[in-house]
1. Kindly indicate which of B:Ala120, B:Ala115 is in a loop (DSSP other than H, G, I, E, B), crowded, with 19+ Cβ neighbours inside 10 Å and not acidic (Asp, Glu).
2. Let me confirm something: among A:Glu47, A:Glu52, which residue is part of a helix (DSSP H, G or I) and under 22 Å from the mean Cα position of the chain (by Cα)?
3. Taking the condition in contact with an Asp or Glu (Cβ under 8 Å, 6 or more places away or on another chain) and assigned by TED's automatic domain parsing to the domain that holds B:Val125, does B:Leu299 pass?
4. Which of (1) away from chain A (no Cβ under 12 Å); (2) in contact (Cβ under 8 Å) with a residue 60 or more places away in the chain does B:Phe348 not meet, given it meets every other one?
5. Quick check on my filter: what residues within segment B:18-41 are within 19 Å of B:Gly345 (Cα to Cα) and at the interface with chain A (Cβ under 9 Å from one of its Cβ atoms)?
6. All but one of (1) touching a His at 6+ places or on another chain (Cβ under 8 Å); (2) over 30 Å from B:Arg357 (Cβ atoms); (3) buried (at least 18 other Cβ atoms within 10 Å of the Cβ) hold for B:Asn62, so report the exception by its number.
7. Just the residues that are under 18 Å from the mean Cα position of the chain (by Cα) and of a type in the set (Val, Ile, Thr), please, taken from segment A:98-132.
8. Only one residue in A:Glu135, A:Glu142 is loosely packed, with under 12 Cβ neighbours inside 10 Å, away from every other protein chain (no Cβ under 14 Å), among the acidic types (Asp, Glu) and more than 21 Å from the chain's Cα centre (by Cα), so which one is that?
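The values are calculated or read from the model by the stated rules, or taken from the named source; none is laboratory data. These numbers come from a predicted model, not from an experiment. Heads up, the Cβs are rebuilt from the backbone with ideal geometry, glycines too, and the neighbour counts pull from every protein chain shown.
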Amino acid sequence: MNGRDEDASSRDDGGDRAELRALLSENARHSIADLARLADMDEAAVEATIEELESEGVIRGYQAVVDPSRVEPEPVRALVECNVTLDRETGYDDIAARLVEFPEANSLRLVSGDYDFALEVEGDSMSEVSRFIAEKVAPVPEITQTVTHYIMDTYKERGIEMSDGHEDDRLSVSP
Amino acid sequence: MKLADRVEAVPPSGIRRFFELAEEREDVISLGVGEPDFAAPWSAREAAIDSLERGRTSYTANRGMAELRAAIAAHVDDRYDLQYDPDEEVLVTAGASEALDVAFRALVDPGDRVAVAQPAYVSYVPGVTFAGGEVVDVPTRAAEEFVLTAEALERHGAADAELLVLCYPNNPTGATMSRDELEPVARFAREHDLTVLSDEIYAALTYAGEHASIATLPGMAERTIVFNGFSKAYAMTGLRLGYALGPPAAVTAMNRIHQYSLLSAPTTAQHAALDALEHCGNAVAEMRSQYDRRRRFVLSRFAEMGIDCFEATGAFYAFPESPRADAAAFAEALLEETGVAVVPGGVFGAGGAGHLRVSYATGLADLREAMDRIERFVG
């Protein structure tokens, strides 16, 4: 069984926990003071709740959402569809446990449909990414097939749009 | 050219002056905006585009598309357990503002007295005046959290009026009224045979409990016209679409004016509105929760600055007391020295003086920066 599911209470989110989770998902850089104001809690309670969410593994980390096209050199990313074969000894979790160890693997998800895993890989160049897939992913014994899609452009990532956004064209003062 | 006296008698909106001052500057963070900062939900925008692609560019029925009126009636039934006949009791208009204007023109005879609970949206008083009515100012008070009371109605002479105009959740104060608080107002209206015009355009933006409509109180639906629309809840201000709900005779009279002046509300907007009712409930809930967070943020910041502000629980406005007695002078100085635009409460009529309308229909980053600037300015 997957270790993440052992503590059912960690998923029993409601009220303040849900509100803080939502606020941090939107902007992890809110200060404790602002979180307290936004969630109508006191600062100590905010800190305690965040600590709780972190220690229970509900919140796994905080990251910046970077527009890859504005990074020099632009990182190369690929989505890799992976088909796998299972047997009595080897389940999805076992295969996943091997794949997540690679630092090149940005994200790994088990999905429904034509293939099993959606793996996102990042590297400094196309050859680096190709080599990684050919030498590290494809040889995994349970992986029967990979289909690689290089990412050509990113328009939205984790809910954040990469365009410069909509100008506020409202009248500056209105009734 | 000679202008009509009734127009000359109405001064331009006090908002205008602050708009001009704010427009002169580049770096303004405006907390003076009376409309959502969100775009309309994509589903509703797509429905508008789709209607254009299909060539739906004709007039609709005067009262609005039958399907939209049915959807409005169903929405209101679902939400308030109030039944309006889509054929007789629903009028779709170009914004709730048009609905109010035709209501004044349909219901007010020259010299009729119209009680207007204030501070209030800037169009009620001019609307009554253009229709030839006489406005009876009924100020509400900060000490009563800007709730309208039967005592205030009595004290300010509303008993002799023909009509009562109220707006909750309120622009500019953000005040809301519970069912219990509406009850004495309803009783007053029944006792003195007042027709009630209830502007509920901000109904969906109620943060403490459910919005209560005065039309749901006993004996009130038959004497109340409810105004609502898509501008605030669905962030569709520019599409100009609202509606009125009321007894058949009143709606028919309003439609008589509407059919001659507008013919029908904008067709594209009606298609967007139909989609909004059918598919955008989640988007409204999401915007509402964003506003609620900002509301808590703004109220906490004012409390920390020592600025007196009652707990506004509706719309997207806070209405703090001005740190200086002359709110207009304060607002001007604040704009000049910090680039933060707020609107002095006095422009919203009786009871508004000495306060500031602070709109939190602005992204959190700007809101935070504006609050920091205000804090430095008053500190």
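1. Only one candidate passes the filter, namely B:Ala120.
2. Exactly one residue qualifies, and that residue is A:Glu52.
3. The answer is no for B:Leu299.
4. Of everything listed in (1) away from chain A (no Cβ under 12 Å); (2) in contact (Cβ under 8 Å) with a residue 60 or more places away in the chain, B:Phe348 misses just condition (1).
5. Once the filter is applied, which keeps residues that are within 19 Å of B:Gly345 (Cα to Cα) and at the interface with chain A (Cβ under 9 Å from one of its Cβ atoms), segment B:18-41 yields B:Phe18, B:Phe19, B:Glu20, B:Leu21, B:Ala22, B:Ser30, B:Gly32, B:Val33, B:Gly34, B:Glu35.
6. Result: B:Asn62 passes all but (3).
7. Residues satisfying the conditions are A:Val100, A:Val111, A:Val121.
8. One residue alone meets the criteria, A:Glu135.
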